[in-house]
1. Order the peptides 288-296, 122-130, 42-50, 381-389 from the highest to the lowest mean number of other Cβ atoms within 10 Å of their residues.
2. What list do you get for Arg445, Arg92 if you sort them by fewest beta carbons within 10 Å?
3. Between segment 441-462 and segment 152-174, what is the separation of their alpha carbon centroids in Å?
4. Sort Leu449, Leu271 by Cβ crowding within 10 Å, fewest neighbours at the top.
5. Hey, what D do you get for segment 389-443 in µm²/s if you plug the Kirkwood alpha-carbon radius into Stokes-Einstein at 37 °C and 0.692 mPa s?
6. Full extension from Asn120 to Phe195: what is 0.36 nm times the residue separation minus their Cα-Cα distance, to one decimal in nm?
7. Under Stokes-Einstein, with the Kirkwood radius over Cα pairs standing in for Rh, what whole-number D in µm²/s applies to segment 225-357 at 25 °C and 0.890 mPa s?
8. Is the shape of segment 112-204 best called rounded, prolate or oblate, per the rule: a/c under 1.5 gives rounded, else a/b larger than b/c gives prolate, else oblate, with a ≥ b ≥ c the square roots of the Cα gyration tensor eigenvalues?
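What follows draws every value from the coordinates through simple rules; no lab data is involved. Small disclaimer: the values here were computed from a predicted structure and weren't measured. When we count neighbours, we look across all protein chains shown, and the Cβ atoms used for this are built from the backbone with ideal geometry, even at glycine.
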Amino acid sequence: MNNRNWIATPTRRDFLYGMGAGLGTVAFSSMLQAAERQTHHTAKAKRCIFLFMEGGPSHIDTFDPKPELTKRHLKEFQRSGEMESAMSSGKRYFVKSPFEFIKAGQSGSDISAEFRHLKNHVDDMCFFRGCQVESVNHPTACYHVNTGNRFGGDPGVGAWVTYGLGTMNDNLPGFVVLPRASYPQGGAANWSNGFLPAQFQGTPLRPQGSPILDLNPPAGVTRQGQRKNLDLLAALNQKHLDKRPGRSELEARMQSYELAYRMQAEVPEVLDLKGENPKTLEAYGIGNSRTDPFGRKCLLARRLVEKGVRFVQAYAGNWDSHDYIQRAHGNLIASVDKPIAALINDLKERGMLDDTLIVFCGEFGRTPDNGLRGGGKSYGRDHNAKAMAMFFAGGGTKGGHTIGNTDEIGAEAVENVHHIRDVHVTLLHLLGLDDNKLTFYHAGRFKQLSQFGGKVINELIA
């Protein structure tokens, strides 16, 4: 999709190139953004649930076992010039994983035994061990994975997807974010619309209290009264917009008022979990203090995509385990294991897994070494941009397979190595979008999620 209809100040070159930034385009573009659009190619996936483990989960302690580290445990580590880490001074030592690994499912996929529930679903999961990123700084790395740009300001993956595919439900946002109690490092820029029209930004739902502030009208205000007020406001705004064509911020504000009005009727029902079967709530770990927070996000994600939301991103934080990795990662795995397993199983039972893409990753991996503190009893791992593991499920991915590999100590990806831009291109491809065609004209050139192009990782695709 090459689009020049939303340029704020059209130039003569803009007019000659795209002659679509006129007055009549405003209403048409609004309808176009609301409608479901044609994909660039046939694809199984219609929607995506992106599970983001903020802080950088350790591949070595989750899905990428390294027996060699057991042999070298607490031996001094000699840093190579290329090895990236958040800590660069002092002596460092190899650190083995404190967790046992098993080969699970008919596929015999490697997974930490701490995943007591997820191990039963590995045949639906495609593990990728060949990903690399560029930054070991949390905010820039989060931006990189979420927007393709380390420095922020660009559209989030979900914004690109909804820009390309449109919405499947006019009464709900196309891109919904389920953050933790505090926003991830880098804040809302992780799900920004960037230079895309403002209506494509993610809509965060608050994890505590009312998910959306002012969702319900004040006491004494009727739906009919709201409708009259909105009609008057829309007429005034339209007069203002007619004199300033192409102003996406005002257009988006007008659409957001209408969407908010429609959401009042549908959102409360979607977010109310009381009608769920008690067995379903238990499966997601809702009611258990350890699993309840992420369990609610996973169940909400299922309910949202079931109602037509195109892209849902759910955050789990605190994976930055520099110390006490057995305790820290052990607790974190336990907090997401049951909910994610329930999500995969729930979608599968509802016949939705085939056309729903699940992505699980953090912003980078972790190192096989650490500077020891506390007499060597508190070891953890530092940041590593050259090796990280993720998994995909559903949506046309190759379940029961492990793609790529790292070296014998997990320091660097060495087989089927791909930059994060290739993961982005593959994600779009699975949803029927071509990264080279999904572009937006901004700052003098057509821009795309991958920044400068990438390639599809065909080995991940069924």
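1. So the order, starting with the most tightly packed, is 381-389, 122-130, 42-50, 288-296.
2. Starting with the residue having the fewest Cβ neighbours, the order is Arg445, Arg92.
3. Comparing the Cα centres of segment 441-462 and segment 152-174, I get a distance of 16 Å.
4. With the sparsest Cβ surroundings first, the list reads Leu271, Leu449.
5. Once the numbers are plugged in, D ends up at 245 µm²/s.
6. So the extension gain works out to 22.8 nm.
7. Roughly 136 µm²/s, to the nearest whole number.
8. Verdict is oblate for segment 112-204.
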